[in-house]
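The numbers here are math on the coordinates, done by the rules we state, and not lab data. Treat the numbers as computed from the prediction; the structure is a model and nothing was measured. Because the Cβ atoms are built from the backbone with ideal geometry, glycine has one as well, and the counts that use them run over all protein chains shown.
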Amino acid sequence: MFKYKDLRMVVISIILVVLCVFSGIHFRYDHMKLIVVLLLALSVIPTLIVRFNASVFEDGMLIYTFRGIAILPQMIEFKDLTSYKLLSKHVLELQSQNKTKKIYLVNAIAFYKELDDRFTQYKNGQEI
């Protein structure tokens, strides 16, 4: 379920769920405020349903990067990728076109292994 899920969105979703639960408990007797909490809960549902999963394809990868006030998807092709390294259990650093990006994943080690396999096959000119 959380194979290559973006760690930042998991944390944000957990914080929003906890906020909705505590607000619902706190405002259980005030009906107008409880309605506002229910509306907040309805806004949390898309963050739980939308999958922010990083993916590795035959000739590139899809990652999520922080831009301004949003976390947006970005496609990086292997021809633009110069290097990549695993910094920790949850952090992977990608270097492409003189830009360094850090991506935060729940399981960065498995993503790194799959990226290494696909990138090696791409460099060797083999099809998957």
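Would you look at the GNM of the chain, springs on alpha carbons closer than 10 Å, and say which of 75, 61, 32 moves the most?
Highest fluctuation of the listed residues: 32.
Largest first, please: the extent of the C-alpha atoms of the chain along each principal axis, to the nearest Å.
Here the Cα extents, ordered largest to smallest, are 65, 28, 24 Å.
Taking only Cα atoms and a 10 Å spring cutoff, compute GNM fluctuations for the chain and point out the largest among 107, 98, 53.
Looking only at 107, 98, 53, the largest GNM fluctuation is found for 98.
Roughly what would the spin-label model give for residue 99 and residue 86, points 7 Å off Cα along C-beta, in nm?
2.6
Given labels modelled 7 Å from the Cα in the Cβ direction, how far is it in nm from residue 50 to residue 124?
With each label placed 7 Å out from Cα toward Cβ, I get 3.8 nm.
What are the GluC sites (Glu not before Pro) within the range 32-128 that DSSP puts in a loop, where the Cβ has at most 15 other Cβ atoms within 10 Å? Walk me through the intermediate numbers first.
Numbers: sites: 58, 77, 93, 114, 127; in loops: 58, 127.
Those that pass, being in a loop and sparsely packed, are 58, 127.
Restricting to DSSP H runs of at least four residues, report the calculated mean residue ellipticity at 222 nm for the chain, -39500 (n - 2.57) per run over all residues, nearest 500 deg cm²/dmol.
Values: 3 runs with 56 residues, N = 128.
Rounded to the nearest 500, the figure is -15000 deg cm²/dmol.
Here is the link list: 85/113; 101/123; 5/102; 5/79. Which ones come out longer than 18 Å on Cα distance? Write out the running numbers ahead of the final one.
Numbers: 85/113 10 Å; 101/123 21 Å; 5/102 14 Å; 5/79 24 Å.
Flagged as over cut-off: 101/123; 5/79.
I need the trypsin sites (Lys or Arg not before Pro) found in the range 1-47, filtered to DSSP loop residues with at most 12 other beta carbons within 10 Å of theirs. Please list the in-between numbers first.
Values: sites: 3, 5, 8, 28, 33; in loops: 3, 28.
Those satisfying the criteria are 28.
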